[in-house]
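The values are calculated or read from the model by the stated rules, or taken from the named source; none is laboratory data. Note that the coordinates shown come from a computational prediction; the quantities given were computed from them, not determined experimentally. Glycine also receives a Cβ, built like all others from the backbone with ideal geometry; neighbour counts cover every protein chain displayed. Protein only, heavy atoms only, side chains kept; ligands, DNA and RNA dropped before computing areas. Shrake-Rupley method; radii C 1.70, N 1.55, O 1.52, S 1.80 Å.
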Amino acid sequence: MEQRLSIITIGVDSLPAIRDFYENKFGWKPVAVNKDIVFYQTGGSLISFFPAKVLMDDAKVPFSPTTTRHYALAQILPTEQEVDALYAELEQKGVTIVKRPVKTFFGAYTGYVQDVEGNLWDIGTNPLIPLDKNGNVIRHEDISHLEQ
């Protein structure tokens, strides 16, 4: 299997609420949508949102409405100023700021926001993850020296 991620699918409680959030708060434009699913282009990959119960049924996994989410999506921006500007814009739109950006021990500047269903977004800069001119990840620098 290639080390490549093409689509992230997240099971949600309310597709209309998720669409409203991503389209009206983040300003994203869907690239494919129907009554059951929505896809957004995210650089070289896609993120999709699909009703959680239907997703679990499709995967033949028991559905549990009390499942805790243990993941965060991330967006890396080139500068701290761009990070601060985006947090200000999102806050103005009523997006929940979970953690304001702070400088980390390895030089990143990052914080967290969440969508209407509690999905976390880690938004910040990271000197260990260079971006190309389009904002796509080029690589991840060595982090073995950062072990704690």
Problem - Placed amide H near Thr9: partners under 5 Å, 5+ positions off or other chain - result: Ser48
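Once you list every other residue whose beta carbon is under 12 Å from the beta carbon of Tyr22, what net charge do they have if Lys and Arg are +1 and Asp and Glu are -1? Please report the intermediate quantities before stating the final value.
Values: positive: Arg19, Lys25, Lys29, Lys93; negative: Asp20, Glu23, Asp115, Glu117.
Summing Lys and Arg as +1 and Asp and Glu as -1 gives 0.
Rounded to the nearest 5, what % of the DSSP beta bridges within the range 35-141 are antiparallel ones? Each step should come with its number before you reach the end.
Values: 17 of 22 bridges.
Once the DSSP bridges in the range 35-141 are tallied, antiparallel ones form about 75 percent.
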Handout entry: From the coordinates shown, Cα Rg over 2.2 N^0.38 Å corresponds to which of (1) 1.12; (2) 1.18; (3) 1.37
Key = (1)
Problem - Solvent exposure of the chain as accessible area per residue, Å², 1.4 Å probe - result: 64
Handout entry: Long-range HN-HN contacts of Val38 with modeled amide H, under 5 Å
Key = Phe49
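Per 0.36 nm of contour for each residue apart, how much would the distance between Ser14 and Ser64 grow if the chain were fully extended, relative to their Cα-Cα spacing?
Values: separation 50, 0.36 × 50 = 18.00 nm, distance 1.52 nm.
My answer for the length gained is 16.5 nm.
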Problem - lysines with Cα under 27 Å of Lys53, excluding same-chain neighbours fewer than 8 positions away - result: Lys25, Lys29, Lys35
Fill in the blank from the handout: Each label sits 7 Å from Cα toward the beta-carbon; between Leu146 and Leu5 the label points are separated, in nm, by 1.5
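For the chain, with all protein chains present and a 1.4 Å probe, just round the carbon and sulfur fraction of the accessible area to a whole percent.
Values: 5120 of 9510 Å².
Of all accessible area on the chain, carbon and sulfur atoms account for 54 percent.
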Exercise for the section: For helix 15-24, report the angle its Cα long axis makes with the longest principal axis of the Cα atoms of the chain; keep it between 0 and 90° and round to the nearest 10°. Expected result: 30
Handout entry: Cα long-axis angle, helix 80-92 against the chain (0 to 90 degrees, to the nearest 10)
Key = 40
